[in-house]
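See below for the structure under consideration.
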Amino acid sequence: ISAGVQGTVHLIGVIGRDGAIRELRAVDGPVLLVRAALDAVRQWTYKPTLLSGEPVEVIAPIEVVFTLNR
């Protein structure tokens, strides 16, 4: 963001049964923001998705929006 770039990075992630990110890849977005988006999302923990009351692994689209505050 220090380069004055803003925008949305679209990612696809595999969220494990424990809510942790298992796999993550960028689909599109400003090149200068992709690394920051990947680094941030890898630290996130999700509430596990339940199917019939049991946690399951899911593939999820993830958006990370970067905006400048001036």
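Every read-out reported here was derived from the displayed coordinates using simple, explicitly stated rules and does not represent laboratory data. Quick caveat: nothing in here was measured; it's all calculated off a predicted structure. When we count neighbours, we look across all protein chains shown, and the Cβ atoms used for this are built from the backbone with ideal geometry, even at glycine.
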Where does helix 31-41 land angle-wise versus the long Cα axis of the chain, in degrees 0 to 90, nearest 10?
40
Given a Förster distance of 30 angstrom, what is the FRET efficiency for L50 paired with Q6, based on the Cβ-Cβ distance and rounded to 0.05?
0.25
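Dividing the Cα radius of gyration by the Kirkwood radius, what Rg/Rh value follows for the chain? Before the final figure, lay out the partial values.
On the way: Rg = 13.9 Å, Rh = 12.9 Å.
Radius of gyration relative to Kirkwood radius: 1.07.
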Pick out which of L24, L50, L38 has the largest mean-square fluctuation in a Gaussian network model of the chain, springs linking Cα atoms closer than 10 Å.
L50
How much net charge surrounds G53 when only other residues with a Cβ under 15 Å from its Cβ are counted (Lys, Arg +1; Asp, Glu -1)?
+1
What's the local net charge at R17, with K and R +1, D and E -1, over the other residues with C-beta under 13 Å away?
-1
Would you be so kind as to identify which of L33, I59, N69 lies farthest towards the positive end of the dipole of the range 27-70, taking Lys and Arg as +1 and Asp and Glu as -1 on Cβ and the Cα centre as origin?
N69
With runs of 4+ DSSP H residues as the only contributors, calculate the mean residue ellipticity of the chain at 222 nm using -39,500 (n - 2.57) per run, divided by the residue total and rounded to the nearest 500.
-5000 deg cm²/dmol
